[in-house]
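Student: One structure, as structure tokens, below. Some questions next.
The values are calculated or read from the model by the stated rules, or taken from the named source; none is laboratory data. Not measured: the values here are computed from a predicted model. Please note: Cβ atoms are built from the backbone with ideal geometry, for glycine as well, and neighbour counts cover all protein chains shown. To get the accessible areas, we keep the full protein, side chains included, count just its heavy atoms, and leave off ligands, DNA and RNA. Shrake-Rupley method; radii C 1.70, N 1.55, O 1.52, S 1.80 Å.
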Amino acid sequence: MLQRTPDRGRRGEPEEEELEPFGGLVRYERHMPIHQVSYYLCGELQDPQYYTELYYTLRTATETDLIYLHINSPGGDFNTGLQIINNMLASEAHVVTVLEARAYSMAAFIFLSGDELVVHDNCQLMFHTYSSSFAGKGSEQLAEVHALGNWFEKVATRICTPFLSPTDITHILQGSDLWMDSDEIRKRLGRLKPARPRAAAPRQTAPRTRQAREG
């Protein structure tokens, strides 16, 4: 009987016992410390220079940092609020905004700018247009009113959409106040996508207006 032998120069199939048995997946793990910081935005938002520590913390935070902003504020300085928001959006940290009582006007904008929004019971949000005072020649005042109005409209639309509808924003720009309690806030948040894309912080810097305030 003829027996076939493997061709020379051709590697034969490995024996079954020579194969290494599959041992399952291997987990590779890296432990990194989580740094948690809390700030309490209570009372009226004052001038921007009083919040430099918060700006610095947001700007220098890393992706493993967790920053809580606990909010109970009637609003206040528009420029301060914008600087806080821009630093929140530029931060690598996970920023959690916590509504603990009220967040009116500019404070409501800050609340909506968090990566994660937490709402306690018996809280309120309120949105309305800006208030300001002007000085100078009539033509200068008209130009400033026009510029500030356009600026506020863009800010409100970018920050509040999609939490507020286009109709809501239009009513606010026309002078209406929009109030909502914890139940309404949670209802609106529930309609949003679980992961909201973070907006890049604006590169442009807008000039400070005279006594420009939210609230």
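Student: If you go through the stretch 157-176, how many residues are in contact with a strand residue (DSSP E or B) (Cβ under 8 Å, 6 or more places away or on another chain) and of a type in the set (A, V, I, L, M, F, W, C)?
Tutor: Looking only at that region, the number is 3.
Student: Just to be sure, is LEU19 among the hydrophobic types (A, V, I, L, M, F, W, C) and touching a residue at least 12 places away in the same chain (Cβ under 8 Å)? First the steps, then the outcome.
Tutor: Numbers: among the hydrophobic types (A, V, I, L, M, F, W, C): yes; touching a residue at least 12 places away in the same chain (Cβ under 8 Å): no.
Answer is no for this residue.
Student: Let me ask something else about it. Hey, among GLN46, GLN3, which residue is surrounded by 11 or more Cβ atoms within 10 Å (Cβ to Cβ) and either at pLDDT 80 or above or more than 21 Å from HIS94 (Cα to Cα) (or both)?
Tutor: Within the list GLN46, GLN3, the selection yields GLN46.
Student: Quick check: anything in the stretch 51-59 in contact with a Gly (Cβ under 8 Å, 6 or more places away or on another chain) and open to solvent by 40 Å² or more (accessible area, probe 1.4 Å)?
Tutor: No, that holds for no residue.
This table checks each residue for (1) closer than 15 Å to LEU117 by Cβ; (2) loosely packed, with under 13 Cβ neighbours inside 10 Å.
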| site | (1), (2) |
| --- | --- |
| TRP151 | no, no |
| ARG158 | no, no |
| PRO162 | yes, yes |
| PRO166 | no, yes |
| HIS171 | no, no |
| MET180 | yes, no |
| ARG186 | yes, no |
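Student: Looking at the stretch 169-184, I want the residues that are under 13 Å from LEU99 (Cβ atoms) and have a partner that is outside any strand (DSSP E or B) with Cβ atoms under 8 Å, at least 6 apart or on another chain. Which pairs are those?
Tutor: Final answer for the pair search is MET180/ARG188; ASP181/ASN122; ASP181/CYS123; SER182/HIS120; SER182/ASP121; SER182/ASN122; SER182/CYS123.
Student: Only residues in the stretch 90-103 that are in a loop (DSSP other than H, G, I, E, B) count as the first member; pair them with residues that are among the small types (Gly, Ala, Ser), Cβ under 8 angstrom, at least 6 apart or cross-chain, and list the lot.
Tutor: What qualifies is SER91/ALA61; GLU92/ALA61; ALA93/ALA61.
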